[in-house]
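Worksheet: one structure, shown below.
The values are calculated or read from the model by the stated rules, or taken from the named source; none is laboratory data. Values in this document were obtained by computation on a predicted structure and should not be read as measured data. Cβ coordinates were reconstructed from backbone atoms using ideal geometry, including for glycine residues, and neighbour counts include every protein chain displayed. Heavy atoms of the whole protein, side chains included, go into the accessibility calculation; ligands, DNA and RNA do not. Shrake-Rupley method; radii C 1.70, N 1.55, O 1.52, S 1.80 Å.
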Amino acid sequence: MTDAIVSRRHRREVNPLEYLKRPWMWLALLGCFVFLYFPIVTLVAFSFNSYKRAFVWKGFSLKWYEKAMSNASLHEAFINSMHVAAVSTVVSTALGAMLGLALYRYWFPWKGTYEGIIHLPIVIPEICMAVAMVTFFWAVGIDLSLTTVIVSHIAFTIPFVAVVIRARMAGFDVSLEEASRDLGASEWQTFWYVTFPYMIPGLVAGALMSFVLSLDDFVITFFTAGVGDNTFPVKIYSMLRFSVTPEVNAASTVLIVITLSLTLVAMIMQSRWTKGPKE
Amino acid sequence: MEDWRKNKLPFTIFMGPATFWLLVFFTIPVVVIWVYSFGERGPLGQTYLAFSFDNYLRAIEPIHLQILWKSIWIGGVSTLLCLIVGFPVALGIAFAPDRWKNPLLLVVVLPFFTNMLIRTFAWIVVLGTRGVVNSGLGWMHGALDGLLTLTGQPDLMGDFVPLELLYNNYTVVVGLVYVHLPFLILPLYATLEKLDRSYLEASLDLGAGQWRTFFSVLAPLAMPGIVTGCMLVFILSMGNFLVPDRLGGTDSLMIGNLIAQEFNKARDWPFGAALSFVVMYPVFIFFAINALRARRQERARAET
């Protein structure tokens, strides 16, 4: 109350560039956040609803979770998703990290063009990449299976990992490596004992990101998976085609909780290391 | 940065594997589908390699041109709405006190990490005929009805008929804006955060109002971020498959759905390939221009 009066009196003194101190800005931010969160929160809320036929609140219940848990094909899809995400994360983190490091460290001719090409998987519509992968696998005679899904996931997560690693290396102090070499360490010792430890938070963030991207992907998975190879999102999609029951909400909520907690961990790690060396 | 020629071995070890993977499992597939786009479809749906522009010509036949045009139109409207919704948000965060920036950004990007399919489905929960909005309206209808009955006017309202909010072009636009908003806010934020604020202060000091400063100083300075963000949102909206597939009606078919159809039911891969290149050519051109500009700037910087 008093704050409001004080701020009104001092209105003239508010820096004109402090947009956040203006009510219309608060309104815009609030509106945007409501728009971003309302649908997701609603979806999660109704996974706990006891009523089946419509999205009308009739009381709290966990029965949709029980139903989703006992759904064997959903179960299998979940295992498939974890398998795909885990394998593709290991490979894409290793390859992406090396790529990010090389891009940070070395200059080579046509580097700009090269970077443009490797970042294409991030910017072209997913459907284009999906159909390109299907056509390629078909043309070289590889049958679609979970392996083709993994191969495609690795291809589109490598650039993301490389970006994260590069951002991490931007804060690296090169003199540490020079000191290590001056003190007699070999090239590889310097890498393992100086550079690599510095990369670790970036590696964790990149790995989590690539896990989440793989776990979340629907379009590319949908096209590159063999018949009957469901992943979790693909299974949710096919459930949606038949009927929209709170069971789908429950399954979705499980996926949301997993991805959001992994994302949060990745982001917290990132914000830790942007604050600089340990204080 | 070191020259690669001085460190050929480590350079090759680090660059090699990822480059190989992306070459084999991204670049070559794109080249293969590009070759296919000039091919011909056999009677059983198989593909014969050829060199014809027939598929591209088919893509601009009226029936397909109409879908292409619709994709551009819906993509454009979504992009514009994203800009209108996203600009104040990016501005607010960029000019927020430092300790607020990261939490606010986190709030914006967090939904982006939940599955796109689920975010699309969420709108069915909200807008469906049995969804939250209709339930709310139905409840209000019932309450009003009860009130009228109490005042002695029963049956005045009639039965509640749920509104058909889903499965039209508007919901597709809403869904696309919802799904792609962070793609606009992030590049815009990055530009606004870096820009030199003394220009804005000068403009305000010299008597220009906030609006004038916004349109004559801030917007031009933020143009790189606006262009990148809008381009990203436009490309991704226009080529989106999931949102029109789940939220659109029978007339909301967009180019992404058409591509998917050619690769699923219709099984005309060369035509589908040509269609996906209709989407990808502008992307390539845009990024080529961007890369050229970056190169020129780098050279200019090197010369000074």
Shape verdict for the range B:134-285, please, from the Cα gyration tensor: rounded (a/c under 1.5), prolate (a/b greater than b/c) or oblate. oblate
For A:Lys67, the lysines lying under 19 Å Cα to Cα, once residues fewer than eight places off in the same chain are dropped, come out as A:Lys52, A:Lys58, A:Lys235
Label-point separation, A:Ile142 to B:Arg5 (7 Å along Cα→Cβ), nm: 3.6 nm
Rounded accessible area per residue of chain B, 1.4 Å, Å²: 50 Å²
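Just subtract the alpha-carbon distance of B:Leu148 and B:Phe51 from 0.36 nm times their residue separation and send over the number in nm, one decimal. Working shown, then result.
Values: separation 97, 0.36 × 97 = 34.92 nm, distance 7.27 nm.
So the extension gain works out to 27.7 nm.
Taking every residue in B:193-205, how many Cβ atoms of other protein chains lie within 10 Å of its Cβ, on average?
Numbers: counts 0, 0, 0, 0, 1, 0, 0, 2, 3, 0, 1, 3, 1.
Per-residue shielding by partner chains comes out at 1.
May I ask you to list, by number, the DSSP H helices of chain B whose Cα span along the axis is at least 24 Å and whose average Kyte-Doolittle hydropathy reaches -1.0 or more? List each step's numbers first, then the result.
Values: long enough: B:62-94 (45 Å, 1.57); B:132-150 (27 Å, 0.89); B:169-194 (37 Å, 1.15); B:269-303 (49 Å, 0.42).
Sorted by number, the helices that extend far enough and score high enough are B:62-94, B:132-150, B:169-194, B:269-303.
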When Cβ neighbours within 10 Å are restricted to other protein chains, what is their mean count per residue of peptide A:217-226? 3
Report in % the part of the accessible area of chain A that belongs to carbon and sulfur, leaving out ligands and nucleic acids; probe 1.4 Å. 67 percent
Span-like helices, chain A: DSSP H, alpha-carbon axial extent 24 Å or more, mean Kyte-Doolittle 0.5 or greater, which ones? A:23-45, A:72-105, A:146-169, A:196-216, A:246-274
Rounded to whole Å and ordered largest first, report the semi-axes of the equivalent ellipsoid of the range B:70-110 derived from its Cα gyration tensor (root of 5λ). 28, 10, 4
Once you treat every alpha carbon in the protein assembly as shown as an equal point and sum by Debye, what is log10 I(q)/I(0) at q = 0.07, 0.10, 0.11, 0.13 Å⁻¹? -0.49, -0.99, -1.18, -1.53
Protection proxy ranking, peptides B:57-64, A:231-238, average beta carbon neighbours within 10 Å, highest first: A:231-238, B:57-64
Cα-only Debye scattering, the range A:67-140: base-10 log of I(q)/I(0) at q = 0.19 Å⁻¹: -1.05
Compute the FRET efficiency between B:Arg295 and B:Leu80 as 1/(1 + (r/R0)^6), taking r as their Cβ-Cβ distance and R0 = 45 Å, and round to the nearest 0.05. 0.90
Which of B:Phe286, B:Leu232, B:Ala59, positive extreme of dipole for chain B (C-beta unit charges): B:Phe286
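Rolling a 1.4 angstrom probe over the protein heavy atoms, how many square angstrom per residue are accessible across chain A? Working shown, then result.
Numbers: 13360 Å² over 279 residues.
Per residue, chain A has 48 Å² of solvent-accessible surface.
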What translational diffusion coefficient, to the nearest whole µm²/s, does the range B:175-230 have by Stokes-Einstein, given a Kirkwood radius computed over alpha-carbon pairs, a temperature of 25 °C and 0.890 mPa s viscosity? 203 µm²/s
Computed P(r) (all Cα pairs; the range B:207-300; 5 Å bins; percent): 3, 11, 14, 15, 14, 11, 10, 9, 6, 4, 2, 1, 0
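Roughly what percent of Cα-Cα pairs across the range B:35-148 reach past 26 Å?
Working: 3845 of 6441 pairs.
Summing the P(r) tail past 26 Å for the range B:35-148 gives 60 percent.
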Cα point-scatterer Debye curve for chain A, base-10 log of I(q)/I(0) at q = 0.07, 0.14, 0.15 Å⁻¹: -0.40, -1.11, -1.17
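Would you mind calculating the relative contact order of the range A:67-278 from Cα pairs under 8 angstrom and at least 6 residues apart, reporting the percent as a whole number? Mind showing how you got there, number by number?
On the way: 217 pairs, mean separation 73.5, N = 212.
Relative contact order comes out at 35 percent.
Is chain B rounded, prolate or oblate when judged by the Cα gyration tensor, a ≥ b ≥ c being the square roots of its eigenvalues, rounded requiring a/c under 1.5 and prolate requiring a/b larger than b/c?
Working: a/c = 2.27, a/b = 1.19, b/c = 1.91.
The shape class here is oblate.
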What total accessible surface area, summed over both chains, is buried at the interface between chains B and A, computed with a 1.4 Å probe and given in Å² to the nearest 100? 8400 Å²
Sorted from largest down, give the three principal axis spans of the alpha carbons of the range B:115-216, whole angstrom values. 67, 37, 19
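Tally up the carbon and sulfur contribution to the accessible surface of chain B as a whole percent, 1.4 Å probe, everything protein left in place.
Values: 10340 of 15270 Å².
About 68 percent, which is the carbon plus sulfur part of the accessible surface.
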Working out 0.36 nm times the residue gap between A:Phe60 and A:Ser186, then minus their Cα-Cα distance, what length gain in nm do you get to one decimal? 39.1 nm
